[in-house]
1. Take the residues in region 157-172 that are surrounded by 14 or more Cβ atoms within 10 Å (Cβ to Cβ) and of a type in the set (A, V, I, L, M), then tell me which one is nearest to His77 (Cα to Cα).
2. Across region 143-167, what is the number of residues that are part of a strand (DSSP E or B) and among the basic types (Lys, Arg)?
3. List the number of the failed condition for Lys122; all other conditions in (1) under 17 Å from the mean Cα position of the chain (by Cα); (2) more than 30 Å from Lys6 (Cβ to Cβ); (3) buried (at least 18 other Cβ atoms within 10 Å of the Cβ) hold.
4. For Ser118, indicate whether it is touching a residue at least 40 places away in the same chain (Cβ under 8 Å) and out of contact with any Asp or Glu (no Cβ under 7 Å at 6 or more places or on another chain).
5. Can you list the strands (runs of 3 or more DSSP E) lying wholly within region 1-95 that have 1 or more residues being of a type in the set (Gly, Ala, Ser) and not assigned by TED's automatic domain parsing to the domain that holds Met138?
6. For residues that are in contact (Cβ under 8 Å) with a residue 12 or more places away in the chain and hydroxyl-bearing (Ser, Thr, Tyr), scanning just region 1-51, find the one that is surrounded by the fewest Cβ atoms within 10 Å (Cβ to Cβ).
Amino acid sequence: REEREKRPGVPVVAYVNTSAEVKALSDICCTSANAVRVVESLDTDRAYMVPDRNLAHYIQRFTKKKLEWWDGFCPTHDRLTPEEVLKAKEENPGSVFVCHPECRPEVVDLADHVCSTSGMYKFARSTSAKTIIVGTEMGILWRLKKENPDKKFVLPSKTLICPNMKLTTLEDVVESLREMKNIVTVPEDVREKAMVALERMLEVPRD
């Protein structure tokens, strides 16, 4: 709220993984896959992005609009270092490196391809490379290996594990559905404002 008040007239773009309260204070949401299109859809020459500085820094490469951003980051993606990527490349000759735009700019600079999680599934299927170094949370590996049994997937760092994502287990999901427990409720005024930001994102044309 304070940052918005400092920038009257500047639209706030919130990553879709933010809380409902943050969305309610934002003008439009984005995902890592559509962030460039969302920013380009704005009828202003400036925008303020929250909460990930690395994603914002990446989007700035593809737009002439002046972006400012909240100095936050995804701890999992931000832990990956250029040194770890270079070591993985050295140990896997002929490999390609794909990473998420929430990685540090200096890591993104080393990537053969930068994309969202869904984009990584598409990239893995389409690339002719037989070894792919994956710069995102380790949970993606199961599906990548299942869909591409003839390819090798390498994590460049053992730190690419999100403790928050691992808090919820399949058993937790089953129990919640069976007993209808752990229900998330959002105040109606927050829901209505957050929905506006989400609906604006959905109105942005897709490629």
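The values are calculated or read from the model by the stated rules, or taken from the named source; none is laboratory data. Note that this is a predicted model, so its numbers are computed, not measured. Here the Cβ positions follow ideal geometry from the backbone for every residue, glycine too, while neighbour counts run over all protein chains shown.
1. Within region 157-172, the match that is nearest to His77 (Cα to Cα) is Leu160.
2. Residues of region 143-167 that are part of a strand (DSSP E or B), as a first pass: 152-154.
Applying the additional criterion that residues be among the basic types (Lys, Arg) yields 152.
Matching residues across region 143-167 total 1.
3. Every condition holds for Lys122 apart from (3).
4. Numbers: touching a residue at least 40 places away in the same chain (Cβ under 8 Å): yes; out of contact with any Asp or Glu (no Cβ under 7 Å at 6 or more places or on another chain): yes.
The answer is yes for Ser118.
5. Hits in region 1-95: 12-15, 46-50.
6. Of all residues in region 1-51, those in contact (Cβ under 8 Å) with a residue 12 or more places away in the chain come to 1, 3-4, 7, 9-16, 18, 20-42, 44-51.
Filter once more, so that each one left must be hydroxyl-bearing (Ser, Thr, Tyr): 15, 18, 26, 31-32, 41, 44, 48.
Working: Tyr15: 23, Thr18: 20, Ser26: 26, Thr31: 16, Ser32: 23, Ser41: 17, Thr44: 12, Tyr48: 21.
By that ranking, first place goes to Thr44.
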